[in-house]
Amino acid sequence: MDVMGIAIKVALLTAYAVIGTCVGLLFMGIGRKIIARVHNRVGPPFYQNFIDVAKLLSKKTNISHGWIFDLALLFSISGILLTLLFLPIGGVQLLSMEGDAFLVLYLLAIPALGFALGAGASGNPNAGVGVMRALVMMLSYELPFIITLIALMIYYDTTSLATIVRMQSINGVKSWAITMPPFMLAAFAADMALQGMLMEQPFDIPVAPHEIASGPMVEFGGKYLGSLMLYKAIALVAETTLFVDLFLGGGVVAHGNFAFVINFIVWLALIFLLFILSILIAASFPRFRIEQAFGFYWKYEAIIAAISLIWVYILVIK
Amino acid sequence: MKEYELFIGPQHPGITGNMMYHLWVDGDTVTKAECNVGCLHRGFERLMESRLWMQNIPLVCRICVPEPDVNEAAYSMAVEQLMDWEIPERAKYIRTIVLELARIAAYLMAIGSYAGSIGIYTIPQWSLGDRDYILDIFEQLTGARIYHIYIWPGGVRWDMPAGLPKLIEKTLSYIEKRLELYDDVLFENRIFFDRAIGVGKIPCDKAIEWGVSGPNLRACGYGYDVRKLEPYAAYDEIDFDIVSYPDLGKFDTHEAGDVYTRMLIRRLEIEQSIAIIRQALKKMPEGEHILKHPNWLRWKVPAGYAFARVESSKGEFGYFVVSDGELKPVRVHVRGPSYTHGINVAERLLKGANIADVSQILFSLDICPPDIER
Amino acid sequence: MGLYIGDKMMKYEEWSKLAIKVSKASLWMLHFCTGCGAIEMPPVMTSRYDMERFGIAPMATPRQADVLLITGYLTVKTLRRVIQVYEQMQSPKYVIAFGSCTINGGMYWDSYNTIKHLEKYIPVDVYITGCMPRPEGIINAFIKLMELIDEGKARGWEKYQKYYDKYKENQRRVFNFEIEGENEEY
Amino acid sequence: MKSIELIGKGKEMHGRAYIEVMPDELENAIKKLKENGFNHFVMLSCIDWLEEEKFELVYHLWSYEVKEHVMLSVRMNRNNASMPSMSHLFPQIETYEREIHEMYGIEFDGNNRLTPFLLENWHHAPPMRKDFDSEKFVGKLYESIPFIEEDENEGI
């Protein structure tokens, strides 16, 4: 690859990272507005989250708890950014390789580990409890999620996300995985796992304010909290995009010269809908206890995912 | 994970006001809980000894902030006992209406903060918004939103304005309609069942010995209510049934004395209060609203000991008033229901509880720290 | 210090102007429930008055907050916690004090356990009078605070840094109930 | 009234039974009342009679069965006041005794938890005693602490 190619690639990657962050912040703002309507309120302006981040980054004193505390956030943000860049967005894939579905799974675990490091360094018992809960939550939702992922891999006979997206986009909407009955089940299981990844009720156990005073974030303030909000915005985009890529064909509906514009808009609409669905669920359910969440994922969700896996296996053998 | 200590409060979302709990936690289980109160201690009882009998009315309502009217009522009743006063019929009915409205407001707040503690933030937004309509009624009746200073020894301060019953009826039917929504979102929610059933159980045979009262006692299966035991205001002329375990109306009955039953008792008593207010509005006679009273500044209350109790939304509220026949009381002692709920009962219930349940146990006991510390 | 954007160099002052603009539009509050004033906070935060319209949101821990709300009278025991909380907050930080009792003791003027003038122990940017302040008053106070931030007058935290020793001395005296001349144990 | 019959003395006062007992009779009286249905302990109050040099402790009990309220009153000397603790009979008496210990300085023998309850670092006279002047105390402590004025010339 020549120098020019590398430069273009780097520019594109930066552009995607920035777009991902902005989209995340914008959606969080719109989400706050929608939730406010559910609450019978007016709600903040839709750009409120940009202001919040800017304010947090401009705060003056910042209390650090040592270099591990500083590094941990960096760890989390870079982990989630890498995840985003490995995902096909509207059918466009920048970093791609065979087997990147597994890679993405591992990358998704990095932020949680980053939090664990940061919270451990802060020494606050609330943060410690929160991190324990976050790790247990990860363990619980990964099981149904991995089973659905395996079902997809068996059906499409590949371990590359790009291939899964391409195979689903051959006939536009009609070939999306979610149109097939076994994958409807799988999509349900994966959506619940997504709820856990996004840390919304009933699975906001790691950050429960009434129980452990917002858990791992308890010692983050000022610039640290600002970075954390950026992380959350990127995570929101990355996790919903993963779902869209797996079940909704990555939002690819058009092919041709300027198709990527249409695909990008469709992708945006899809992740927005997924996010709205998730916050509406959050607005109407209380929070589980951690062992109840674990039971929910390993008993009900895992069984649903397993049924879809067996169903897919039978389809493939035929 | 090794044992660690956790300090909850006073600045913590999961605490009921300005108080502290010191928890020793092993893994996820609380092994020991110690209550630390005093953050709200203003020395009320000391201040009341240095003020005139009448000057104490604005002080007493500050003792229980979510439901101030019970304090005014209990203090006035204790003073009326010492004076041997029988208040006018109309004042009795107005008192009943005010106390029941305050009860609904306090229950809406209790339900809202409980729902917040298990993470469903829609309910607090709704219920506190709806509570504001009751505060509007108070504003029209008394001129203030929170501290009304409306119930006086000898009756009530002003008569009820003519248009108010209509507004009360409108608000009540609005709240009735909203209750169905609360049922859908919270009280019939599967996750609420999972979280609340069997958690924070008060052992029913110990409940009376521990001094549990009010809705918490009725959740243990004892149908005791001061409104029936020692009717005050106009409760003896009003027809109502005590809500107690195991009869939970349209809701399923599960274990006695747990968080679920305690919250449902509160939910059902809102409907009960609505019915009481409707009856009282219908039966309210015309007439005087206050007795012909002496000059408040030179008012001497005969010597003696008096004790008055009322049923608040948190439990049994009692005022013990001692007079030696002078311008100022010798001693006013307040029995707040949270005094037992917040210290003795909570310390015992938290022991062995899961750390995730600490906050919901505290909120379901409906602890109000100002009446512990005064 | 500056940053190049195109051919224009944004000066430090311009950046701080921008910082003021954003910090005024997103005031995160820590409503320390010190007294009765806390009862009017839920209505302000919920559907009737909806504070979030102005970008004001409640926070769970002092590290995340910008505005400390002192809701009502302060006992000595609470003051100790309030000062801990205040010192944990990140600058720039502001204090709004509720009710007459924080101004001069209010109706607890002769109580042995409530401090009378909050100003002696931590700097206060905006006071709200009344007992209780109405929700409109609370929102009004926030808008006043926004104006003060805009004009650069909400500098209580700088005063606290400058007169730190004096504040600490006052705090120490009140924590120990130290009366000059009579400090023997009872 | 049932309680007056049970103890054998006392009088009715505004619909409540008021029974004065000697300190050594107190435990038996509470036990007897508790066994006979007075199983709800309402509260424990203390009154400071400065002129008579006495503290009066009032134990309030209530019976859900006969719907009767009893005030059991015990008097003791103001100097070096002490009482045997009753916290083994009703658990919440422990808390009331903690408060009265702090507010009046009465010792309760047998209560192991007489730790500071509502006040922190308090080392003056117990504040609920009548000879403690709250207003004077406020003047000496809170009003003597200086305001912190900003120096106009220096600026910040």
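Taking the conditions (1) surrounded by fewer than 24 Cβ atoms within 10 Å (Cβ to Cβ); (2) away from chain B (no Cβ under 14 Å); (3) of a type in the set (D, E) in turn, A:E301 satisfies each one other than (1). Restricting attention to region B:290-324 and to residues that are among the small types (G, A, S) and either without any contact (Cβ under 8 Å) to a residue 12 or more places away in the chain or at the interface with chain D (Cβ under 10 Å from one of its Cβ atoms) (or both), the residue that is farthest from B:D159 (Cα to Cα) turns out to be B:G304. Within region A:158-181, not a single residue is under 30 Å from A:A121 (Cα atoms) and touching an Asp or Glu at 6+ places or on another chain (Cβ under 8 Å).
Filtering region D:144-154 for residues that are assigned to a loop (DSSP other than H, G, I, E, B), under 29 Å from C:D165 (Cα atoms), modelled with pLDDT under 85 and within 13 Å of chain B (Cβ to nearest Cβ) leaves an empty set. Just one of the listed residues (C:Q84, C:Q90) is under 30 Å from D:P126 (Cα atoms) and surrounded by fewer than 24 Cβ atoms within 10 Å (Cβ to Cβ), namely C:Q84. Part of a helix (DSSP H, G or I), away from chain B (no Cβ under 14 Å), touching a Phe, Trp or Tyr at 6+ places or on another chain (Cβ under 8 Å) and closer than 26 Å to A:T21 by Cβ: is that true of A:G79 in this structure? No: the conditions fail for A:G79. In region B:189-245, the residue that is farthest from B:I277 (Cα to Cα) out of those that are touching a strand residue (DSSP E or B) at 6+ places or on another chain (Cβ under 7 Å) and part of a loop (DSSP other than H, G, I, E, B) is B:G211. Reported count of residues in region B:272-302, each being part of a loop (DSSP other than H, G, I, E, B), touching a helix residue (DSSP H, G or I) at 6+ places or on another chain (Cβ under 8 Å) and surrounded by fewer than 17 Cβ atoms within 10 Å (Cβ to Cβ), is 5.
Scanning region B:16-31 for residues that are more than 13 Å from chain D (Cβ to nearest Cβ) and in a strand (DSSP E or B) turns up B:Y21, B:L23, B:W24, B:V25, B:D26, B:T29, B:V30, B:T31. Against the conditions (1) within 23 Å of the chain's Cα centre (by Cα); (2) in a loop (DSSP other than H, G, I, E, B), A:T21 satisfies every one except (2). Residues in region B:354-374 that are more than 11 Å from every other protein chain (Cβ to nearest Cβ) and out of contact with any Phe, Trp or Tyr (no Cβ under 9 Å at 6 or more places or on another chain): 3 in all. May I ask you to say which residue of C:K153, C:K144, C:K166, C:K116 is within 14 Å of chain D (Cβ to nearest Cβ) and in a helix (DSSP H, G or I)? Testing whether each residue is within 14 Å of chain D (Cβ to nearest Cβ) and in a helix (DSSP H, G or I) leaves just C:K166.
For region B:326-340, the tally of residues that are more than 9 Å from chain D (Cβ to nearest Cβ), within 16 Å of B:A306 (Cα to Cα) and in contact (Cβ under 8 Å) with a residue 40 or more places away in the chain stands at 3.
Counting only residues that are touching a residue at least 60 places away in the same chain (Cβ under 8 Å), aliphatic (A, V, I, L, M) and more than 9 Å from every other protein chain (Cβ to nearest Cβ), region B:103-122 holds 5 of them.
Among the candidates D:A17, D:A29, single out the residue that is closer than 20 Å to B:L82 by Cβ, at pLDDT 85 or above and not β-branched (V, I, T).
D:A17
Considering only region B:34-58, how many residues are within 14 Å of chain D (Cβ to nearest Cβ), outside any loop (DSSP other than H, G, I, E, B) and crowded, with 17+ Cβ neighbours inside 10 Å?
8
Of the residues making up region C:40-94, those that are within 7 Å of another protein chain (Cβ to nearest Cβ), assigned to a helix (DSSP H, G or I) and in contact with a Cys (Cβ under 9 Å, 6 or more places away or on another chain) are C:K77, C:T78, C:R81.
The values are calculated or read from the model by the stated rules, or taken from the named source; none is laboratory data. In this text the structure is predicted, and so the values were computed from the model without any measurement. Glycine also receives a Cβ, built like all others from the backbone with ideal geometry; neighbour counts cover every protein chain displayed.
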